[in-house]
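What follows is a short report on a single structure.
Readers should treat all values here as calculations from the given coordinates under stated rules, not as data from a laboratory. No experiment lies behind these values; they were computed from the predicted model shown. Note that each Cβ is placed from the backbone with ideal geometry, even for glycine, and that neighbours are counted across all protein chains shown.
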Amino acid sequence: MPRTSLTRSPAWRALAAQARNWRALHLRDLFAADPGRFERYSHSACGVLADFSKQRIDDQTLQLLLALAAERGVSERLAEQFAGKKVNFTEKRAALHTALRAAASAPRDVQRTLKRMRQFSEELRNGKHGNDGKPLRDVISLGIGGSALGTALAATALADGEGPQVHFVSMPGAPLKRLLAGLDPASTLVIIQSKSFTTQETLHSAGIVRQWLTQALGDQAAAQLAAVTAVPEAARAMGISDESIFPMWDWVGGRYSLWSAVGLPAMVAIGPSRFDELLAGAAAMDAHAAGSAASGNLPLLLALIDVWNLNFLGASSRAVFAYEPGLDLLPDWLQQLEMESLGKRIDRRGKALRYLSGPSLWGGRGTEAQHACFQWLHQGTHDMPVEFVACAAAAAGDEGSHAMRLANCFAQSSLLMRGVHPEETGAAGALAAHQSLPGNRPSTTLLLPRLDAASLGALLALYEHRTALTAALLDINAFDQYGVEHGKRLAGSLLPALSGEPVTMPDASTAGLITHVGKNFKP
Ligand code: F6P
């Protein structure tokens, strides 16, 4: 454990001075002065190229950031995590999602569960019949947050069209109703994904779907239910048989759980062998993160640049755009990973932080976002780091639109960096000012070789380690999430009030809102 507090560390103080020097610099000039800037500040690991040359860094800044990492012992902290230490120090748990992709050296429970998952998904993909003798053509996965985002991302990115179609439902309501209206209960299997088996949205959806199945199948309905949970007795209480219940362990955080049985819907959609490639891609990035020297350690370099942008250059947000349709869900998955992990305000000593903990993260799809928020990114008064994620190679038959996406992706990051001087606009006077772009807006571009399982696994593991290293740098716990749990509990206590039951109100505003609803909209 470092002896000094973060902001008193020598490297932190030197970086604060370094940040003041950056006020007078413009990236456009740095590129003009250094033709080798791309080579110097881009780095590949496990096939993923990270071009961070458009970030506001130079050799001296990087050296100071690496010195900060060394002073704070972040590499040792990552080693403790990999070794199964209780790095989740508030809940006194390990964070061993890396063990889920350790193949033959994985714990026996993990290997046993993976074997069961493979058998379960192969049977479905080979036309397993439901109770009415019909092949099961649809799988509904009910879950939210970490019990949905990663598995849906992998399924969307890598589905091969074989076997049942997998549908992801995170909340009850009209979309679920519309989905059920179009499916045949006799040929539908439902997987309830909930570590706690107490999440309101998931359980409410499960009740709706169970009733839908029961109306068609009677007491055979439970045979077409499966569950992934840390509370198997709750699943059994629903009539789900043990061979259709898959475990979740307390040493795997929800937002880090794609690699566990939470990945079952994805395995149905992409097949066991491709799921194994996903695990292998992540394992390759684990080896890189654990074994590479700091100066060539990609997750560490990206974490250091995040801390530099956040705590020294004043960027309290980061925007991420995926320029590959199969990665449409990446910003959603990343938002939960980073904001649930880094959205903390108390350090490991129990003291309130005196620096910013983690950026707000948002984003979307390229090139669609260029018809919306990129105006703000180019000409607004905010100066925010942007991240671009794309694939070098096109999927077969997609070459034309792929080239268009890459041209747009690269154009955006270049314009953000270079800007457009008034005299380059071709306009005169005030109009030139309106048409100019300031530039000097930093970005990183991450390029996968192609959208395949190994590359996606490496990318997601890269983000997991970047997040954990950022938390280690900032002395916070990346693996608990008390903030959202308070919300879950209070929502549960308010729900009866929406049906007119007497409930103690937390405050007058909530009481007023519920009264308004009660007067106007009966449930
Ligand atoms: O968002 C809070 C959270 O607890 C996540 O950590 C988790 O992934 C999600 O809610 C769903 O929780 P559960 O899997 O217990 O339903």
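DSSP loop trypsin sites (Lys or Arg not before Pro) in segment 303-366 with at most 12 other Cβ atoms within 10 Å of their Cβ, which ones? Display every interim value, and only then the final one.
Details: sites: Arg318, Lys344, Arg345, Arg348, Arg349, Lys351, Arg354, Arg365; in loops: Lys344, Arg345, Arg348, Arg349, Lys351, Arg354.
Hits after loop and neighbour filter: Arg345, Arg349, Lys351, Arg354.
Testing the spin-label approximation: label points 7 Å from Cα along Cα→Cβ at Ala104 and Glu368. State their distance in nm.
4.5
Give me the percent of DSSP beta bridges within the chain that run antiparallel, rounded to the nearest 5.
Numbers: 11 of 44 bridges.
Around 25 percent of the beta bridges assigned by DSSP in the chain are antiparallel ones.
Can you compute 3J(HN,Hα) from phi for each residue in segment 209-214, using the Karplus curve 6.51 cos²θ - 1.76 cosθ + 1.60 with θ = phi - 60°, rounded to whole Hz and x for Gly and Pro?
Values, residue by residue: 6, 5, 5, 4, 5, 5 Hz.
How large is ³J(HN,Hα), in whole Hz, for each residue of segment 232-241 in order, when computed from phi with the Karplus curve 6.51 cos²θ - 1.76 cosθ + 1.60 and θ = phi - 60°, using x for Gly and Pro?
Once rounded to whole Hz, the list reads x, 5, 5, 5, 4, 4, 8, x, 7, 6.
Using alpha carbon centroids, what distance separates segment 330-393 and segment 164-214, in Å?
After rounding, the separation between the Cα centres reads 31 Å.
Please list, in chain and number order, the residues 5+ apart from Ser44 or on another chain whose amide H is under 5 Å from its amide H, with Hs placed from the backbone.
Amide H neighbours of Ser44: Ala50.
Would you calculate, for the chain, the mean residue ellipticity at 222 nm contributed by helices, counting each DSSP H stretch of 4 or more residues as -39,500 (n - 2.57) and dividing by all residues, to the nearest 500?
On the way: 20 runs with 241 residues, N = 523.
After summing the helix terms and dividing by the residues of the chain, the value is -14500 deg cm²/dmol.
Please work out how much length the chain gains when fully extended from Lys86 to Leu513, using 0.36 nm per residue of separation minus the C-alpha to C-alpha distance, in nm with one decimal.
Extending this stretch completely gives an extra 149.5 nm.
Out of residues 5 or more away from Phe321 or on other chains, whose amide H comes under 5 Å of its own, with H placed 1.01 Å from N in the peptide plane?
Distant-sequence amide H within range of Phe321: Gly364, Glu387, Phe388, Val389.
Let me spell out the model: positive unit charges on the Cβ of Lys and Arg, negative unit charges on the Cβ of Asp and Glu, origin at the Cα centre of segment 206-283. What dipole size does that give, in debye rounded to 20?
That gives segment 206-283 a dipole magnitude of about 220 debye.
Multiplying the sequence separation of Arg354 and His486 by 0.36 nm and subtracting their Cα-Cα distance, what value in nm do you get?
Taking Arg354 through His486 to full extension adds about 45.1 nm, to one decimal.
Given a Förster distance of 22 angstrom, what is the FRET efficiency for Ala407 paired with Ala32, based on the Cβ-Cβ distance and rounded to 0.05?
My answer for the efficiency is 0.45.
Each residue of segment 29-44 in order: what ³J(HN,Hα) in whole Hz does its phi give by Karplus 6.51 cos²θ - 1.76 cosθ + 1.60, θ = phi - 60°, with x for Gly and Pro?
Taking θ as phi minus 60°, the curve returns 5, 5, 5, 5, 8, 9, x, x, 4, 4, 4, 5, 10, 9, 7, 10 Hz for segment 29-44.
Please report how many Lys pairs in the chain have alpha carbons closer than 28 angstrom, counting only residues at least 8 apart along the chain or sitting on separate chains.
29
How many angstrom lie between the Cα centre of segment 95-158 and the Cα centre of segment 233-311?
13
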